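All remarks here apply to the structure that follows.
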4 protein chains.
Amino acid sequence: MGKTYQTTVIQAPVDQVWNKIRNFHDMSWASGVVEKCEAVGEHAGDQIGARRVLNGVFHETLVEFSDLENSFKYRIDDGPGPVSKDAVKDYIGAVRLIPVTDENTCLIEWSSRWESPTDDACDFCHNIYLSLFDSLKNSFEA
Amino acid sequence: MGKTYQTTVIQAPVDQVWNKIRNFHDMSWASGVVEKCEAVGEHAGDQIGARRVLNGVFHETLVEFSDLENSFKYRIDDGPGPVSKDAVKDYIGAVRLIPVTDENTCLIEWSSRWESPTDDACDFCHNIYLSLFDSLKNSFEA
Amino acid sequence: MGKTYQTTVIQAPVDQVWNKIRNFHDMSWASGVVEKCEAVGEHAGDQIGARRVLNGVFHETLVEFSDLENSFKYRIDDGPGPVSKDAVKDYIGAVRLIPVTDENTCLIEWSSRWESPTDDACDFCHNIYLSLFDSLKNSFEA
Amino acid sequence: MGKTYQTTVIQAPVDQVWNKIRNFHDMSWASGVVEKCEAVGEHAGDQIGARRVLNGVFHETLVEFSDLENSFKYRIDDGPGPVSKDAVKDYIGAVRLIPVTDENTCLIEWSSRWESPTDDACDFCHNIYLSLFDSLKNSFEA
């Protein structure tokens, strides 16, 4: 019983942003939010079924990926508190880039959807995605 | 044999922009580009099958519409020179709004796709859509 | 907290099926399931915002429509028991036809999605859609 | 300047069909049509960017893949005659499975789209996809 939706404009061309975020096993652009991104298993970072553990607690699997649309989707298999496997099911996160052609920048859309008897996960997840946006923006300003 | 793709950010909330552009029979927001927008037939401006003639030369039909996605698609049945019914077929234009949530503004995406042995229509259409973007922006600044 | 998904193949060409079901104000093809389909307001049956009341209890609004994709989506604003406005929110039903090209028939996909603390509406809605499939099939056999 | 669209119902559950066709490097199900499917490079068969050569002449790259939608898209980089890199550009093939829930079978949709001054590739590609459908059906009847 929940979803989040957030977008922001990143001041960089879509190809640069896509190259930075497309590797499911590399979240080094998210410093300050994701301190540790561990690959689980042998899948490559752009291979369907790739798994990762973020900060030791978010267990995620890559389920959809497109170099055509500059987009990917992942499932949260387990996580802390409000997104634990007992609290939510079928959690799908979706990331998509859309070029802003007149400025040669791009929009990033990060949305998510899940089943749950409560909406406890909404604010929790929304705030994480906002922090990730800040990190991504900062990574292009250094 | 062609397509165009253009996007820009409009400095207004998505609902305001959608309310301004959703009526297929009202392009008064496009002053300087569309001088005349004539409804053909009895269909309403948000009814599938609605027809219009722009500036006396572009004959268009509404084929898809979504208040969920803030989007619509139309077919060009006939037009001047590079988009005449002899020069192109299956011309579909698509307009979609995507909210920019952190700024409470929105992105407008205007794309088009058609079949043709040449790509003569590309620049022609691209420039029209850019002019429409300018008109739309101006309409929110007055 | 719920969704349904059901599909079946109809033994008729996609255009015939689409012509039969595309009018939001005409469910005469659904005899035995929908005894009464009342239009509310002045909108046409293929106009976004069209409203109807089915069997005196399901209040629905058309929110998306495509003659390109042979599809439409509607919102349930209020309904009996498990789909009343107090029990569910953001109920969106979606109908889409996909041609089966080698047989010149078509697949109909009827899915739905909503927010709710319970999943009480799942079986209720699923069974209605199955009955509608039966009615639609019968309507092509008479 | 071209596209193809073809669908058929396969008499097997969607999961079985997806498991059979999802590996981009294994077209053993297409006997009689694809005699040789060579992987190029080190990418896995469900990794974006995976490359293959079919029958020594079709050079293809995986560009989109979804375990959520049971779908993938690939680009034809070069091929024989009507789909050679000089004859067409931006050739994208798309494969998608849709469950037929009441029969526990599935629909396969194989479509393609490309840019070209002629439509020479239409029949050529359409017939290949029909042959692939026959092979796939046969693979479930043995």
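How about region D:95-115: which of its residues are hydrophobic (A, V, I, L, M, F, W, C) and within 20 Å of D:D67 (Cα to Cα)? Matches in region D:95-115: D:V95, D:L97, D:I98, D:V100, D:C106, D:L107, D:I108, D:W110.
Taken over region A:1-53, the criterion of being part of a helix (DSSP H, G or I) and among the hydroxyl-bearing types (S, T, Y) is satisfied by A:S28 alone. Annotation: A:R75 fulfils all but one of (1) modelled with pLDDT of 95 or more; (2) more than 9 Å from chain D (Cβ to nearest Cβ); (3) over 30 Å from B:L130 (Cα atoms); the unmet one is (2). Only one of the numbered conditions (1) free of Cβ contacts under 8 Å to residues at least 12 places away in the same chain; (2) within 28 Å of D:K73 (Cα to Cα); (3) open to solvent by 20 Å² or more (accessible area, probe 1.4 Å) is not met by A:S84, and that is (2). Are any of the residues in region C:47-62 modelled with pLDDT of 95 or more, among the hydrophobic types (A, V, I, L, M, F, W, C), closer than 18 Å to B:A50 by Cβ and touching a Lys or Arg at 6+ places or on another chain (Cβ under 7 Å)? No, region C:47-62 contains no residue that is modelled with pLDDT of 95 or more, among the hydrophobic types (A, V, I, L, M, F, W, C), closer than 18 Å to B:A50 by Cβ and touching a Lys or Arg at 6+ places or on another chain (Cβ under 7 Å). Just wondering, is there one or more residues in region B:96-109 that are out of contact with any Ser or Thr (no Cβ under 8 Å at 6 or more places or on another chain), of a type in the set (V, I, T) and within 30 Å of A:H126 (Cα to Cα)? Checking region B:96-109: at least one residue is out of contact with any Ser or Thr (no Cβ under 8 Å at 6 or more places or on another chain), of a type in the set (V, I, T) and within 30 Å of A:H126 (Cα to Cα). Out of the residues in region A:1-47 that are basic (K, R) and either within 14 Å of chain D (Cβ to nearest Cβ) or in contact (Cβ under 8 Å) with a residue 40 or more places away in the chain (or both), state the one that is surrounded by the most Cβ atoms within 10 Å (Cβ to Cβ). Here the residue is A:R22.
Considering region B:57-72, the residues that are farther than 26 Å from B:P99 by Cβ and open to solvent by 40 Å² or more (accessible area, probe 1.4 Å) include one that is farthest from the other protein chains (Cβ to nearest Cβ), namely B:V57.
Here C:S66 clears all of (1) more than 19 Å from C:K20 (Cβ to Cβ); (2) free of Cβ contacts under 8 Å to residues at least 24 places away in the same chain except the condition numbered (1).
Looking across region C:117-142, not a single residue is surrounded by 16 or more Cβ atoms within 10 Å (Cβ to Cβ), polar (S, T, N, Q) and either within 12 Å of another protein chain (Cβ to nearest Cβ) or under 30 Å from A:W114 (Cα atoms) (or both). Against the conditions (1) more than 30 Å from A:L132 (Cα to Cα); (2) more than 10 Å from chain A (Cβ to nearest Cβ), B:L97 satisfies every one except (1). Kindly indicate whether C:W114 is buried (at least 16 other Cβ atoms within 10 Å of the Cβ), in contact with a Phe, Trp or Tyr (Cβ under 6 Å, 6 or more places away or on another chain), within 14 Å of chain B (Cβ to nearest Cβ) and in contact (Cβ under 8 Å) with a residue 60 or more places away in the chain. Taking the combined requirement at face value, the residue satisfies it. Among the residues of region C:93-122, those identified as under 12 Å from D:L107 (Cβ atoms) and of a type in the set (D, E) are C:D102, C:E103, C:E109.
The values are calculated or read from the model by the stated rules, or taken from the named source; none is laboratory data. What you see is a predicted model, and the numbers here were worked out from it, not measured in a lab. All Cβ positions, even for glycine, are placed from backbone atoms using ideal geometry, and neighbour counts span all protein chains on display. The area values use the complete protein model at the heavy-atom level, side chains included, leaving out ligands, DNA and RNA. Shrake-Rupley method; radii C 1.70, N 1.55, O 1.52, S 1.80 Å.
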